[in-house]
Structure formats: C-alpha cells, structure tokens
Amino acid sequence: MIECGTGSARITAPMVIANARELLAAGDKNFATVALGEVHLDLAAVTDVDSSALSLVFAWMRGGAARGLAFRLVNPPASLISLAKLYGVSELLPLA
C-alpha cells in the first residue's frame, strides 16, 4: 500500500474512497517516523483515483507540515491532475 524509503514513499494502491481510511492511517503511521525534510510521494503505481485522492494528499501535507515535513508529488496520474484542475486546487498540489 505504502512503501517508504529514505526521503520517499511509493503509493501502490488505488487512491479511491474504498481504501481512503486505510491509506490515510498507513500514511500517518509511516510519515510519523520520517525525520524533518522533504518526502517525495511517488504515485507511478497508482492505477485509480477519485476525489478522495486529493483529500489524502492534502491531509498528509497538513499532518506533515505540523511535523516539519514537506511533500512533493512524483509521477502523479493524469486523472489526479485533472481532478485538481476541476476542483480549482491544482496550484495547491506540490508537484516535483
């Protein structure tokens, strides 16, 4: 679901409402152990997204900011970018 490395995290599950809670909890658990700095969220393996994907990214950003972390999205699916544009939040996505 989330594979963490040094300064990076690879999301391997669909970012949809059906697993949003599980992804949020997994991200919170994994990111709580990361030292201050920048984390690259690699979304290359994400096959499906819905609007909950944006909520997940923004929730991780909020939680990370409180702990001194900054996130950058790497390889975001075109559908995520499209949703962000549709909702008027594309400028808030921290693209790498």
**Request:** Report, to the nearest 10°, how far helix 78-87 tilts away from the longest principal axis of the Cα atoms in the chain, using its own Cα long axis and a range of 0 to 90°.
**Result:** 80
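Can you tell me the length gained on complete extension of the stretch residue 25 to residue 48, counting 0.36 nm per residue apart and subtracting the Cα distance?
Details: separation 23, 0.36 × 23 = 8.28 nm, distance 1.88 nm.
That pair, residue 25 and residue 48, stretches by 6.4 nm at full extension.
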**Viscosity 0.692 mPa s, temperature 37 °C, Stokes-Einstein D of the chain from Kirkwood C-alpha radius, µm²/s** = 251
**Prompt:** Based on the Cβ-Cβ distance from residue 35 to residue 1, what FRET efficiency comes out when R0 is 22 Å, to the nearest 0.05?
**Reply:** 0.50
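Step by step: find N for segment 34-78, compute 2.2 N^0.38 Å, then divide the Cα radius of gyration by it. What's the final number? Each step should come with its number before you reach the end.
Numbers: Rg = 11.0 Å, N = 45, 2.2 N^0.38 = 9.3 Å.
Ratio of Cα Rg to 2.2 N^0.38 Å: 1.18.
How long is the gain from residue 12 to residue 85 if the chain were fully straight, where each residue apart is worth 0.36 nm and the alpha carbon distance is subtracted? Each step should come with its number before you reach the end.
Working: separation 73, 0.36 × 73 = 26.28 nm, distance 2.33 nm.
Difference between extended and current length: 24.0 nm.
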**Request:** Counting only heavy atoms of the protein chains, get the accessible area per residue of the chain (1.4 Å probe) and round it to a whole Å² value.
**Result:** 53
**Request:** Quickly work out the residue 59-to-residue 95 label distance, labels modelled 7 Å from Cα along the C-beta direction, and quote it in nm with one decimal.
**Result:** 2.5
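Under the definition of Cα pairs under 8 Å and six or more residues apart, what whole-number percent is the relative contact order of the chain? It would help to have the intermediate numbers written out before the result.
Details: 146 pairs, mean separation 28.0, N = 96.
Here the relative contact order equals 29 percent.
Students sometimes get this wrong: rank 82, 8 by accessible area, probe 1.4 Å, all chains present, largest first.
So the residues, ranked largest to smallest area, are 82, 8.
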**Message:** Under a Cβ-only charge scheme (Lys and Arg +1, Asp and Glu -1), can you give me the dipole magnitude of segment 14-96 about the Cα centre, in debye to the nearest 20?
**Reply:** 180
**Prompt:** Pairing the Cα long axis of helix 20-31 with the longest principal axis of the chain, what angle in degrees results, from 0 to 90 and rounded to the nearest 10?
**Reply:** 30
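Share of the chain's accessible area from carbon and sulfur, percent, 1.4 Å? Mind showing how you got there, number by number?
On the way: 2860 of 5110 Å².
Looking at the chain in its full context, I get 56 percent from C and S.
The values are calculated or read from the model by the stated rules, or taken from the named source; none is laboratory data. All values reported here derive from a predicted model rather than from experimental measurement. All Cβ positions, even for glycine, are placed from backbone atoms using ideal geometry, and neighbour counts span all protein chains on display. Ligands, DNA and RNA are stripped out before the accessible areas are found, and what is left, the full protein with its side chains, is counted by its heavy atoms. Shrake-Rupley method; radii C 1.70, N 1.55, O 1.52, S 1.80 Å.
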